[in-house]
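Bear in mind these aren't lab numbers, they're just calculated from the coordinates by the rules spelled out. Quick caveat: nothing in here was measured; it's all calculated off a predicted structure. Using ideal geometry, Cβ is built from the backbone for each residue, glycine included, and neighbour counts are taken over all protein chains shown.
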Amino acid sequence: MDRHERDMHLRAGTAAGKERTCGTKFQHDTLDGAQRHAEALNRRPEVATGERHRVEPYPCPWCSPSPFMNYYYYHVGREMTQEEREKYGAE
């Protein structure tokens, strides 16, 4: 995840609020761990049939211990739409 995408997710998470961004989601210490979790969830049959959304990892603006030092905790949640990506500045 490059800096631009990370910043986009942080802006989106801040706009969504703590409850929607963190809620009861599992906290990952690394992007790699969150990515593996997302990949496992995306392999579920319910995702293939469209019953559940695809998911992606994202840094959390609320529970990250040191965002100023570029150290983040990550969660896994619904993939952002193209419109959301444009709104929060990914592309």
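At-a-glance table
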quantity	calculated
Two-site FRET efficiency, Gln35 against Glu84, from Cβ-Cβ distance with R₀ of 22 Å, rounded to 0.05	0.70
Taking His75, His53, His4, His28 and counting other C-beta atoms within 10 Å, the order from fewest to most	His4, His53, His28, His75
Cβ-derived FRET efficiency at R0 35 Å, Ala48 paired with Tyr71, nearest 0.05	0.50
Helix-only mean residue ellipticity at 222 nm for the chain, each DSSP H run of n ≥ 4 adding -39500 (n - 2.57), per residue, nearest 500	-12000 deg cm²/dmol
(1) 1.85; (2) 0.96; (3) 1.06, with the label sought being that of the calculated Rg/Rh (Cα atoms, Kirkwood Rh)	(2)
